[in-house]
C-alpha cells in the first residue's frame, strides 16, 4: 500500500536536486545529496499524517548541503529550501483532520506539465480522519522564484466521519507556474483559513473564481 503513496508535488523535487548534483564537485555536497534522495524515498513511503519528523530531517540536510555549494548549485539548493518553506505554509493552512492523498494535476490521464499553461484536473482523494465536517480544497501555484502567483479554491462541501472522497477539480494552470501546493481546509477552523504566502510575491495573487462543487 505504501508503494502507492506519492510525495506532494511541492516537495517532489528530485529533478531540482539532480541539477544541484550536476553543478558541484564537492564530495561533502554529494554525500548530502544522496541522503536527501534517500530521505525523499522514505518520505514518500510514509503516511501523510506521519511525515513531520522526516520533513524536519530533510530540512536539516538541505541546510547542511547549502554550506558546501555555491553559484548555480547554491541557487537550486535555495529553491529546494524555499519549496519546503511553502510546503510548511500549506500544512499550516490545512485542516488537522482532513488531508489530500495522492493529489496531482492531470491532462488526458497523464501527469500534467505544470509549466504548460492551460486547463488541467486536480485528482486525488480527500480523506477525513475526524468527525463530520465542512471542507474546501485549495491549490496554490508558485513561480520559479517561489512566489505565489495564483490560487484556486473549491466551494465548501460536507464530508462524513472517515469518508474518502475522490476529487476532480478542473483548474487553469497560469503562465509562469513552476510548482504547486495542495491543502484541505476546514472553513470553520480559524487555524486553517488561507493567509498570504510566507515568501516575497506579487502585490495581488491571482484567484480562480470558476469554483467546482463536490457535494
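Mind checking whether some residue in segment 123-142 is outside any loop (DSSP other than H, G, I, E, B), at positive phi, crowded, with 22+ Cβ neighbours inside 10 Å and not assigned by TED's automatic domain parsing to the domain that holds residue 65? For segment 123-142, residues outside any loop (DSSP other than H, G, I, E, B), at positive phi, crowded, with 22+ Cβ neighbours inside 10 Å and not assigned by TED's automatic domain parsing to the domain that holds residue 65: present.
Considering only residues in segment 156-193 that are over 19 Å from residue 128 (Cβ atoms) and in a loop (DSSP other than H, G, I, E, B), the one that is modelled with the lowest pLDDT turns out to be 178. Scanning segment 93-106 turns up no residue that is in contact (Cβ under 8 Å) with a residue 24 or more places away in the chain, over 18 Å from the mean Cα position of the chain (by Cα) and either part of a strand (DSSP E or B) or over 17 Å from residue 182 (Cα atoms) (or both). From the list 3, 85, 44, 73, the lone residue that is touching a helix residue (DSSP H, G or I) at 6+ places or on another chain (Cβ under 7 Å) and either part of a helix (DSSP H, G or I) or at pLDDT 85 or above (or both) is 73.
The values are calculated or read from the model by the stated rules, or taken from the named source; none is laboratory data. As the structure is a computational prediction, the values presented were derived from the model and not from experiment. Note that we place each Cβ from the backbone using ideal geometry, even for glycine, and neighbour counts take in every protein chain shown.
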